[in-house]
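Below is one structure; the comments refer to it alone.
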Amino acid sequence: MFKAKIFVSSIKNLLSHPQFEHQQWRGIVKVRLKWVKNRSLDHVIDTDTDLKAACLLKDAIKRSPTGFLTAKSFADWQKLLGLTVPVLRFLRRYPTLFEEFPHARYANLPCFRLTGTALLLDSQEQSIHQAHENDTIERLSKVLMMMRSRTAPLQSLHSLKWDLGLPDNFEKVLIPKYPDHFSFVKAPTGVSALRLKQWREEFAVSALEKSNEGEEMGDEYRQFKRGQTTLAFPMNFPRGYGAQKKVRAWMEEFQKLPYISPYEDSRHIDPNSELMEKRAVGVLHEFLSLTIHKKTKRNYLRSLREELNIPHKFTRLFTRYPGIFYLSLKCKTTTVALKEGYRRGKLVNPHPLVHLRHKFYHVMRTGLLYRSKGANLIPREDILLKDMENRMEDKEEEGDDDDEDEEYEEIEAGDEYDEETSDVED
């Protein structure tokens, strides 16, 4: 892409400038900030935890050669799924998705298969994956382009498949279709990994660059492409922060530092400089922009920390820049969200998979209503899905009047956030 090449050239010219070493240090005085709870985003994370667990269980049942799972087979999955209740109890909550029946040989062994509604939703999900396959390939390529070695462990990608919108068994159903793009390799640690075979220059444009270019910023953006200025991260501070003079001065100085693309080589930057910190913020901003829910778990990022070339204690960046990121401690884990991706508790530009997952969640909630009434009273698939669509439309109309600013609540915490706060490894 011509515009991307102009940007790369401008950055290289900037980095080769004699005064560049001085520019890496601007003497920015950091301000100690309190961690502020956002109830609206916490609610999204809480909801998505159960939704993700249900979708992963759906995929596991679908992969099973028998077409069902026994209670014994998933007895140890609670922590893996991020649930706060046993998996058996979780499955029984949602009879609209998971049908329970006794084992053919062991009458006391509960088994679960997918309902007709779950199978219908799954077929819709596969249609979305097929229709948006090019978008998925671009997203996966950009993730690998941010890695030092253009390689990521398959285990890390499996953990991220929900966040990145990858299909189940993507290494079998998606990657083999693109032998010119990807290859399976052994990482230096001996684990299986996925490597990007060829650099895609047309993909080397960050979400921040695209948003500024799309807004046609005029002289400011044209100057940025010539390396004469920088790009500012969108800021959405918790109520009261934006009016503090120290915070405002700090952020203004931070924004004035040169913007280094997450697709640029960063080995020439002083690892202890302010510029390297801003580059790390840019990497995390871009990574979260590539996720379809604009959020992921901290531990997933930790597994890629060295490849992404971000600091060991990168969690501090989330609490240090509360105008860009939100750090949540819901569901006994640590999740980070990109604040600009949400407005009034809803995604600004939801991916088609997000809409499908909303359908899935509404069917789950319907199951809670009918579980005490007996399976015979659960509506047919067509009635259930039609009712679900009507409820979603009503909720969207009601949501227009929500005010996210009223969902903030201060709690004691500083920017010296403990990297090991969460005991749950995801």
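The values are calculated or read from the model by the stated rules, or taken from the named source; none is laboratory data. It should be emphasised that the depicted structure is a prediction, and the values quoted were computed from it without experimental measurement. With ideal geometry, Cβ positions are generated from the backbone for all residues, glycine too; neighbour counts draw on all protein chains shown. The accessibility values were calculated without ligands, DNA or RNA, using every heavy atom of the protein model including side chains. Shrake-Rupley method; radii C 1.70, N 1.55, O 1.52, S 1.80 Å.
Of note:
- Of note, LEU140 satisfies the criterion of being out of contact with any helix residue (DSSP H, G or I) (no Cβ under 6 Å at 6 or more places or on another chain) and modelled with pLDDT of 95 or more.
- If only residues of segment 135-157 that are in a loop (DSSP other than H, G, I, E, B) and over 19 Å from LYS297 (Cβ atoms) are counted, the one that is least open to solvent (accessible area, probe 1.4 Å) is SER149.
- Residue match in segment 108-128 (condition: touching a Phe, Trp or Tyr at 6+ places or on another chain (Cβ under 9 Å), among the small types (Gly, Ala, Ser) and either at pLDDT 95 or above or assigned to a helix (DSSP H, G or I) (or both)): yes
- Single residue of LEU119, LEU160 found to be on the phi < 0 side of the Ramachandran plot and surrounded by fewer than 17 Cβ atoms within 10 Å (Cβ to Cβ): LEU119
- Those strands (runs of 3 or more DSSP E) of segment 287-353 in which at least 2 residues are touching a helix residue (DSSP H, G or I) at 6+ places or on another chain (Cβ under 8 Å) and aromatic (Phe, Trp, Tyr), considering only elements entirely within it, cover 325-328.
- Residue list for segment 185-202, filter: under 14 Å from LEU140 (Cα atoms) and either among the aromatic types (Phe, Trp, Tyr) or touching a strand residue (DSSP E or B) at 6+ places or on another chain (Cβ under 7 Å) (or both): ALA193, LEU194, ARG195, LEU196, LYS197, TRP199
- Counted residues, segment 58-71 - those being out of contact with any Phe, Trp or Tyr (no Cβ under 9 Å at 6 or more places or on another chain) and not acidic (Asp, Glu): 6
- Check on LEU33, modelled with pLDDT under 90 and either in contact with a Pro (Cβ under 8 Å, 6 or more places away or on another chain) or part of a helix (DSSP H, G or I) (or both): yes
- Filter result (polar (S, T, N, Q) and at pLDDT 95 or above) within segment 329-351: THR335
- Selection over segment 99-114 of residues that are in contact with a helix residue (DSSP H, G or I) (Cβ under 9 Å, 6 or more places away or on another chain) and without any contact (Cβ under 8 Å) to a residue 60 or more places away in the chain gives a count of 5.
- Test: residue in segment 271-278 that is charged (D, E, K, R), outside any helix (DSSP H, G or I) and open to solvent by 10 Å² or more (accessible area, probe 1.4 Å): no
- Looking across ASP46, ASP42, one residue alone is open to solvent by 30 Å² or more (accessible area, probe 1.4 Å), modelled with pLDDT of 80 or more and in contact with a Lys or Arg (Cβ under 8 Å, 6 or more places away or on another chain). It is ASP46.
- The residue that is nearest to the chain's Cα centre (by Cα), among those in segment 72-113 that are within 17 Å of ASP59 (Cβ to Cβ) and open to solvent by 80 Å² or more (accessible area, probe 1.4 Å), is LEU80.
- Just one residue in the set HIS312, HIS293 is modelled with pLDDT of 95 or more and either touching a His at 6+ places or on another chain (Cβ under 9 Å) or surrounded by fewer than 14 Cβ atoms within 10 Å (Cβ to Cβ) (or both); that residue is HIS293.
- Here LEU301 qualifies as among the hydrophobic types (A, V, I, L, M, F, W, C), under 22 Å from ALA152 (Cα atoms) and without any contact (Cβ under 8 Å) to a residue 60 or more places away in the chain.
- Among residues of segment 130-146 that are touching a residue at least 12 places away in the same chain (Cβ under 8 Å), those with a Cβ under 7 angstrom from a residue that is in a helix (DSSP H, G or I) and among the aliphatic types (A, V, I, L, M), sequence gap 6+ or separate chain, pair up as ARG139/LEU164; ARG139/LEU290; LEU140/LEU164; LYS142/LEU290; VAL143/LEU164; VAL143/LEU290; MET146/VAL283; MET146/LEU308.
- Inside segment 193-205, residues that are in contact with a Pro (Cβ under 6 Å, 6 or more places away or on another chain) and not aliphatic (A, V, I, L, M) make up a count of 0.
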